[in-house]
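Data block below; observations after.
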Amino acid sequence: VTLYEFDNLISKDKLEEDDKFEDFINPDTLAATEVIGDFGLKNLQKGEVIQLERRGYFRVDQPYMSTEKGLVLFMIPDGKAKSMSGLAGKLAHR
């Protein structure tokens, strides 16, 4: 199973008129993590939303097809500044 997390494209909360947006582009907006999942994950279909315990909510982007084309899940942001569990992701998620 591959989990994808996405972060903000712009690193500043609000750009001012004289700010050049190129100076505030976040270079780390994507993180992928390979995990081992329960056998039942093979039954998920594209677009379904699931909660992974201590990780958060994810949407199925690509269902499991084979060992070469595994399950791909995209994290759904919850708006919190940091993870509720000790299992923080690879991105800061402000």
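The values are calculated or read from the model by the stated rules, or taken from the named source; none is laboratory data. All figures in this text were calculated on a predicted structure; none of them were measured in a lab. In this analysis, Cβ positions are derived from the backbone assuming ideal geometry, glycine residues included, and neighbour counts consider all displayed protein chains. These area figures cover heavy atoms from the full protein model, side chains too; ligands, DNA and RNA do not enter into them. Shrake-Rupley method; radii C 1.70, N 1.55, O 1.52, S 1.80 Å.
Considering the conditions (1) within 17 Å of residue 71 (Cα to Cα); (2) in contact (Cβ under 8 Å) with a residue 12 or more places away in the chain; (3) surrounded by 10 or more Cβ atoms within 10 Å (Cβ to Cβ), residue 51 is excluded by exactly one of them, (2). In region 37-48, what residues are open to solvent by less than 80 Å² (accessible area, probe 1.4 Å) and out of contact with any Lys or Arg (no Cβ under 8 Å at 6 or more places or on another chain)? Those that are open to solvent by less than 80 Å² (accessible area, probe 1.4 Å) and out of contact with any Lys or Arg (no Cβ under 8 Å at 6 or more places or on another chain): 37, 40, 41, 44.
So which residues in region 1-19 are open to solvent by 50 Å² or more (accessible area, probe 1.4 Å), in contact (Cβ under 8 Å) with a residue 60 or more places away in the chain and touching a helix residue (DSSP H, G or I) at 6+ places or on another chain (Cβ under 7 Å), if there are any at all? Within region 1-19, none qualify.
Considering region 20-36, the residues that are farther than 30 Å from residue 71 by Cβ and not in a loop (DSSP other than H, G, I, E, B) include one that is least open to solvent (accessible area, probe 1.4 Å), namely 24.
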